[in-house]
Amino acid sequence: MTKYKKIKSDAQYNLFSAVEKAEQEVIGDFEVILPKREEKKPEVKTADEVEGFGAVVTEPERKPLYFMSFGSGSSGNCSYVGTESGGILIDAGVDYESVFEKLRQNGVTPNMVKGVCLTHDHSDHIRYAYGIARKYKHIRIYCTNRSLNGILKRHNVSRRIKEYHQPIFKEIEFKLGDLTITPFEVPHDGLDNVGFFVQYGDSKFVAATDLGKVTERAHHYMSQAHFLMIEANYDLEMLENGTYPEHLKSRIKLHTGHLDNEDTARFIDEIYNKELRYIFLCHLSNDNNTPEKAVAVVRGALESKSVSVGDAMGALEDYDKDVQLMALPRYDCSPWFVLR
């Protein structure tokens with residue numbers, strides 16, 4: 001058999017045009033090896049090179065984050081943040097059987113949960129952490145060393161929880177799956193409290209629950225959020241006129257206590273920018289706040305600066321709103337959110 005290893009001219013190339021899509025083909029007695037043609041990459045011109053036209057910049061679509069809250073308040077706090085390949089639980093104060101069942105319903109298996117990240121040592125945030133780690137052996141508990149000590153001192157938790165503990169450190173990032181997570185300081189009367197700055201590609205999710213004041217470092221991280229979960233714990237008038245004893249009212253109002261609706265609204269008004277797409281108000285008091293009051297105060301602050309506000313429930317009329325706002329349910333699950 002005669003082999004033609006190279007085709008040196010356009011005429012020879014055209015002779016075999018019937019097989020030009022193949023790198024190697026047999027025609028009759030000839031085995032023809034055609035040269036591989038390199039595809040030309042489209043020419044990219046700068047704005048200066050395109051006469052009469054400005055620069056056209058198409059931003060790549062932001063990779064989605066998935067979010068769900070399973071309960072938010074003094075009775076229990078737990079939420080999920082993840083990607084297509086898996087994610088994390090932030091706090092573990094809600095019965096984990098119901099948490100994992102809801103995750104399964106939304107396509108998230110237990111093996112896709114990479115860890116439990118605890119904000120602080122109060123029982124409404126850690127109650128089921130040990131149970132999760134004991135049942136799902138691959139899941140570790142991520143919290144500061146001081147926070148773990150607080151859990152062991154304050155609660156009737158097996159000391160074996162230490163076997164599942166992975167220490168984290170404020171403002172030192174760590175990775176779980178696709179997520180890069182940075183804990184940061186927040187003021188509260190737990191032992192060594194943190195918020196979480198969660199990054200996935202260009203997407204930034206920030207969780208800051210149980211804080212009495214927005215400090216400089218908390219401001220630094222929270223002001224970068226595309227998706228912000230922030231406390232709006234109480235309405236000041238309801239608290240002051242309510243049935244709580246005075247010492248408890250004072251504790252709540254301290255800078256190591258909780259944020260009230262007005263505090264939260266002022267902060268959001270200060271940091272709002274067009275990159276902020278979703279605001280989730282969390283940890284609403286059952287006795288000293290209502291979802292309607294919390295949302296109304298924050299919505300008013302945003303609308304006063306001509307920001308259009310949707311209710312985060314996916315209605316068509318809200319699609320083009322500047323920002324989506326909702327108060328997370330105290331005892332129930334939120335919708336499953338795809339955050340872009």
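Considering the Cα trace of the stretch 62-104, what is its radius of gyration and what is Dmax, both in angstroms?
10.7, 35
Using a 10 Å cut-off on Cβ atoms, rank the peptides 137-149, 113-125 from the highest mean neighbour count down.
Highest mean packing first, the order is 113-125, 137-149.
In cubic angstrom, how much convex hull volume per residue do the alpha carbon atoms of the stretch 151-272 span?
118 Å³
Quick one: if the Förster radius is 45 Å, what FRET efficiency do residue 123 and residue 306 give, using the C-beta to C-beta distance and rounding to 0.05?
Calculated transfer efficiency: 0.60.
Apply 1/(1 + (r/R0)^6) to the Cβ-Cβ distance of residue 85 and residue 340, taking R0 = 22 Å, and write down the FRET efficiency to the nearest 0.05.
Calculated value: 0.85.
Based on Cβ point charges of +1 for Lys and Arg and -1 for Asp and Glu, what charge dipole magnitude is obtained for the stretch 94-205 about its Cα centre, in debye rounded to the nearest 20?
540 debye
Semi-axes of the stretch 71-186's equivalent ellipsoid from the Cα gyration tensor, sqrt of 5 times each eigenvalue, largest first, rounded to whole Å?
In descending order the semi-axes read 20, 17, 13 Å.
Work out, step by step, the length gained on full extension between residue 138 and residue 95: first 0.36 nm times the residue separation, then minus their alpha carbon distance; give nm to one decimal.
Using 0.36 nm per residue and subtracting the Cα-Cα distance, I get 13.6 nm.
How big is the stretch 233-317 on each of its three principal axes, counting only the C-alpha atoms and giving the largest first in Å?
Principal extents (largest minus smallest coordinate, Cα): 45, 24, 18 Å.
Once you order the gyration tensor axes a ≥ b ≥ c over the Cα atoms, which shape class does the stretch 189-340 get: rounded for a/c under 1.5, otherwise prolate or oblate by comparing a/b with b/c?
Here the stretch 189-340 falls in the prolate category.
Residue separation times 0.36 nm, minus the C-alpha to C-alpha distance between residue 159 and residue 213: what's the value?
Full extension from residue 159 to residue 213 adds 16.2 nm.
Identify the residues of the stretch 324-340 with backbone N under 15 Å of a label point that sits 7 angstrom from the Cα of residue 104 along the Cα-to-Cβ direction, or state none.
none
Since every read-out is calculated from the coordinates, none of them should be taken as a lab result. Given the structure is predicted, the values throughout are model-derived calculations rather than measurements. Cβ sites come from the backbone with ideal geometry, for glycine too, and all protein chains shown count toward neighbours.
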